[in-house]
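Asks: This is the structure, below, for whatever I ask next.
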Amino acid sequence: MIYCLYGENDYEMNKFINNIIKENNINDKIIYDYKENEIENIINDALYNDLFQNKKVIIVNDSHFLTSKSTLESKYLDNYINNPNENTILIFKNYTEKLDERKKIVKDLKKKGIFKEFPLVNSSNIYNYIKNYFIENNYKIDNESINEIVNRLVDNPRVINNELEKLIIYKINEKEINIDDVKKCIIAY
């Protein structure tokens, strides 16, 4: 499986990767920086199977060849896209708003891989982000409480997630959050 993850919300991107690792019960995680490694070496590692055929995750940070900032022509990568190792989950990460969808490599990866965007939490999407955060964690929260959280937090994903996590821990037994809980747990920034 090949994933292409991009966006400026590194907190959510890393959470997504950790879920992939957990769901697939993977112990072997290898991290490469694209700037410091040849793509051929990364692909050779992705193709390699250990003696016990264990699954592994290979994460390639700063995969700028998927953006307009850089180019890459590699038969190794082209061949791997068409014949990926079933024991390897290859993840390309980019901390950029978008990928260059005009590039052949991006088009090929879109046909064979999974693309997921991780935008920063900002004033236009913070309400839905908070609401979905609690839904994903099986918590109930009313609109007034969400509005209070929005009023108390800045557009910083790290702060937002830390504060939401505090609320979840605070109400771990009841699984329902109200405005008084928000006022007790979240400091206005």
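The values are calculated or read from the model by the stated rules, or taken from the named source; none is laboratory data. Given the structure is predicted, the values throughout are model-derived calculations rather than measurements. Here the Cβ is made from the backbone with ideal geometry for all residues, glycine too, and neighbour counts use every protein chain on show. What goes into the accessible areas is simple: the full protein's heavy atoms, side chains included, and nothing from ligands, DNA or RNA. Shrake-Rupley method; radii C 1.70, N 1.55, O 1.52, S 1.80 Å.
Asks: Nearest 500 deg cm²/dmol is fine: what mean residue ellipticity at 222 nm does the chain get from its DSSP H runs of n ≥ 4 alone, each adding -39,500 (n - 2.57), divided by its residue count? Could you put the intermediate results ahead of the total?
Replies: Values: 8 runs with 82 residues, N = 189.
Calculated mean residue ellipticity at 222 nm is -13000 deg cm²/dmol.
Asks: Multiply the residue separation of residue 97 and residue 74 by 0.36 nm, subtract the distance between their alpha-carbon atoms, and state the gained length in nm to one decimal. Write down the numbers at each step before the final one.
Replies: Details: separation 23, 0.36 × 23 = 8.28 nm, distance 2.43 nm.
Once the chain is fully extended between residue 97 and residue 74, it gains 5.9 nm.
Asks: Another question about this same structure. Percent of accessible area on segment 1-145 owned by carbon and sulfur, 1.4 Å probe? Let's see the in-between values first.
Replies: Numbers: 3710 of 8520 Å².
Its accessible area is 44 percent carbon and sulfur atoms.
Asks: Measuring with a 1.4 Å probe in the full set of protein chains, what accessible area per residue, in whole Å², belongs to the chain? Can you show the working numbers first?
Replies: Details: 11060 Å² over 189 residues.
Normalised by residue count, the accessible surface of the chain is 59 Å².
Asks: Shifting gears a bit: Just how many % of Cα pairs in segment 23-154 lie over 20 Å apart, if you round to the nearest whole percent? Let's see the in-between values first.
Replies: Details: 4932 of 8646 pairs.
Taking all Cα-Cα pairs of segment 23-154, the fraction more than 20 Å apart is 57 percent.
Asks: Once phi is turned into ³J(HN,Hα) by the Karplus curve 6.51 cos²θ - 1.76 cosθ + 1.60 with θ = phi - 60°, what whole-Hz value does each residue of segment 159-169 show in order, with x for glycine and proline?
Replies: 5, 4, 5, 5, 5, 5, 4, 4, 5, 4, 5
Asks: Follow-up question, since we're still on this one. Determine the gain in length on full extension of the stretch residue 33-residue 54; use 0.36 nm per residue of separation and subtract their C-alpha separation, reporting nm with one decimal. Each step should come with its number before you reach the end.
Replies: Working: separation 21, 0.36 × 21 = 7.56 nm, distance 2.29 nm.
Net length gain for the segment: 5.3 nm.
Asks: Taking H placed 1.01 Å from N in the peptide plane, check which residues at least 5 places from residue 114 or on another chain put their amide H under 5 Å from its amide H.
Replies: For residue 114, the qualifying residues are 2, 3, 4.
Asks: Only Lys, Arg, Asp and Glu count, each charged at its Cβ (+1, +1, -1, -1), so figure out the dipole size of segment 13-159 about its Cα centre, rounded to 20 debye.
Replies: Value, rounded to 20: 280 debye.
Asks: Which shape class, rounded, prolate or oblate, goes with segment 1-92 when its Cα gyration tensor gives a ≥ b ≥ c as root eigenvalues, a/c under 1.5 marks rounded, and past that a/b bigger than b/c marks prolate? Mind showing how you got there, number by number?
Replies: On the way: a/c = 1.97, a/b = 1.10, b/c = 1.79.
Cα axes put segment 1-92 in the oblate bin.
Asks: If you average the alpha carbon positions of segment 166-189 and of segment 10-88, how far apart do those two centres end up, in angstrom?
Replies: 38 Å
Asks: For an R0 of 22 angstrom, estimate the FRET efficiency from the Cβ-Cβ distance between residue 172 and residue 26 and round to the nearest 0.05.
Replies: 0.20
Asks: One quarter of the convex hull surface, Cα atoms only: what value does that give for segment 99-174 in nm²?
Replies: 6.8 nm²
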